[in-house]
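The structure under discussion appears below in the form of structure tokens.
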Amino acid sequence: DRPFVCHVCSKRFTQKAHLIIHKRIHTGEKPYSCHICHKRFAQSSHLTVHKRVHTGEKPFFCNFCGMGFCRRPRLEAHILQHVVKE
């Protein structure tokens, strides 16, 4: 059951927290700010990933060549290059 409803677009959610995050799409609210470049984000997780731009952190590594990536989707796209070559 999805009891939490967005009154703007009628999208439904199982958790109130998910509705709160979703509402930011409509309001444009971005409460999370990078302390280095001041870029703003609607979700704290997006800020966490963004910070890797400044720190150089690359927590996702290719098992084929050891190359590091800051985001999992970029690693997955990279791995496809290895698979296609084989």
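The values are calculated or read from the model by the stated rules, or taken from the named source; none is laboratory data. It should be emphasised that the depicted structure is a prediction, and the values quoted were computed from it without experimental measurement. Cβ coordinates were reconstructed from backbone atoms using ideal geometry, including for glycine residues, and neighbour counts include every protein chain displayed.
Assorted remarks:
- Flag for Lys11 being modelled with pLDDT of 95 or more and in contact with a Cys (Cβ under 9 Å, 6 or more places away or on another chain): no
- Any pair with Cβ under 8 angstrom, 6 or more apart, that starts in the range 64-75 at a residue that is over 14 Å from Thr48 (Cα atoms) and ends at one that is surrounded by 14 or more Cβ atoms within 10 Å (Cβ to Cβ) and β-branched (Val, Ile, Thr): Phe64/Ile79
- Of the residues making up the range 45-63, those that are outside any loop (DSSP other than H, G, I, E, B) and in contact with a strand residue (DSSP E or B) (Cβ under 8 Å, 6 or more places away or on another chain) are His46, Leu47, His50, Phe60, Phe61.
- Residue ID - surrounded by the fewest Cβ atoms within 10 Å (Cβ to Cβ), chosen from residues in the range 64-86 that are out of contact with any helix residue (DSSP H, G or I) (no Cβ under 8 Å at 6 or more places or on another chain) and not in a helix (DSSP H, G or I): Glu86
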